[in-house]
């Protein structure tokens, strides 16, 4: 056995998720070259991500050419729901994985006819924590909170609030029935991220959906500016 | 439990970067507060993913970088383990900022036992024995 005292410290400094990040960069470059705007949609289980996507796809009919990747630990239920509104839906079963990774996105995109797509909606695994740190090659990150989850969720999930390009406050139609203080929620968000837009939406009533669709169009256009 | 994926990625990275045939004693990472990494969970995951590998028994050292809170009233800035805390001047809402770095900083490996046999190939230990026999 070697003497544990005789050891050398080797300085390195390299990102731990370097391999994922490199894959994400190749995905991002490929999507940008094809003129596809990709968003990574992150929110807790039950925050209404799939219902929001259903409403979004319904409203986008004839306006955009979307494809959807949807990540879940198990079942194809979300994929089946979304396939009613969109021809190109790929369900990614992550098994044990609590978030999507860039390699899964790259594989799933092989099942999509990208020449027919100008908008890629990626519904991440329901989780407010793990997905945030894994770059998928998206152009923008969308954070989804629901009023039914409580007004403390932004404060408890600072990474998502700081990393998000837009925050959706979903199920706004249920506001009269739940204890959710908008001013508390917004104040917490503003402390963590002074500039992120907060859009109040309801997938059920359609309230606020126009602003969300406009955000998608405008962000896409902004990105294409030289 | 993003700790598991991170531990898994880290173990692969360390095995890739470690000099051939040298036992890894310690692995040091630096973690920004935004990452929300739980040190106890990370330690458990590290043990789990390194079990039965060349990294078994190695110690994971985590440099957990804190939040910086800046008071909009008095201008004081200080480090804090939590993002929301009152300032000593009474201001209730100092602005929290933190990094999202997640870096492998260093690894500590055993000195090479075989004098003059610098392991340069994949089969380093065998190569060392051959060198001595010659």
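Quick one: if the Förster radius is 35 Å, what FRET efficiency do residue B:8 and residue B:77 give, using the C-beta to C-beta distance and rounding to 0.05? Present the calculation step by step, with values, prior to reporting the outcome.
Values: r = 36 Å, r/R0 = 1.03.
After rounding to 0.05, the efficiency reads 0.45.
Based on Cα contacts under 8 Å between residues 6+ apart, chain A shows a relative contact order of 23 percent. Residue by residue along B:95-103, Cβ atoms of other protein chains within 10 Å of the local Cβ number 4 on average. Name the shape class, rounded, prolate or oblate, that the alpha-carbon gyration tensor gives for chain A, where a ≥ b ≥ c are the square roots of its eigenvalues, rounded holds for a/c under 1.5, and otherwise prolate holds if a/b is larger than b/c and oblate otherwise. Oblate, because a/c is 1.5 or more while a/b does not exceed b/c. The modelled label-to-label distance between residue B:89 and residue A:33, using points 7 Å beyond Cα along the C-beta direction, is 5.3 nm. Axis of helix A:182-192 versus longest Cα principal axis of chain A: the two differ by about 30°, to the nearest ten degrees.
So how much slack lies between residue B:100 and residue B:26, counting 0.36 nm per residue of separation and subtracting their Cα-Cα distance, in nm? Each step should come with its number before you reach the end.
On the way: separation 74, 0.36 × 74 = 26.64 nm, distance 2.26 nm.
Computed gain between residue B:100 and residue B:26 is 24.4 nm.
Counting only alpha carbon atoms, the long axis of helix A:209-224 and the longest principal axis of chain A meet at about 50°.
So if we plug the beta-carbon distance of residue A:116 and residue A:18 into 1/(1 + (r/R0)^6) with R0 = 41 Å, what FRET efficiency do we get, rounded to 0.05?
According to the calculation, E is roughly 0.80.
Please give, to one decimal in nm, the separation of the simple spin-label points placed at residue A:181 and residue B:63, each 7 Å out from Cα toward the Cβ. About 4.0 nm separates the two model spin labels.
Working from Cα pairs under 8 Å separated by at least six residues, relative contact order for the range A:69-171 is 26 percent.
GNM on chain A, C-alpha springs below 10 Å: top fluctuator among A:16, A:132, A:112? Largest GNM mean-square fluctuation: A:16. Return the percentage of antiparallel bridges among DSSP beta bridges fully within the range B:25-80, rounded to the nearest 5 %. Of all bridge pairs located within the range B:25-80, approximately 40 percent are antiparallel.
Sorted from greatest to least, the principal axis extents spanned by the alpha carbons of the range A:14-110 come out as 43, 33, 22 Å. DSSP beta bridges confined to the protein assembly as shown are antiparallel in about 40 percent of cases. If you run the Gaussian network model on chain A, springs between alpha carbon atoms under 10 Å, then out of A:61, A:153, A:141 the most flexible one is A:61.
Give the angle, between 0 and 90 degrees and rounded to the nearest 10, that separates the Cα long axis of helix A:18-33 from the longest principal axis of the Cα atoms of chain A. Helix A:18-33 sits at roughly 40 degrees to that axis. Comparing A:71, A:48, A:133 in a Gaussian network model of chain A, where Cα atoms under 10 Å apart are tied by springs, the biggest mean-square fluctuation is seen for A:133. If a spin label sat at a point 7 angstrom from the Cα of residue A:10 along the line to its beta carbon, the backbone N atoms of the range B:23-58 nearer than 16 Å would be those of B:23-29, B:54-56, B:58.
Every number in this text was worked out from the coordinates using simple rules, so none of it is lab data. Values in this document were obtained by computation on a predicted structure and should not be read as measured data. Quick reminder, even Gly has a Cβ in these numbers, built from the backbone with ideal geometry, and neighbours come from all protein chains shown.
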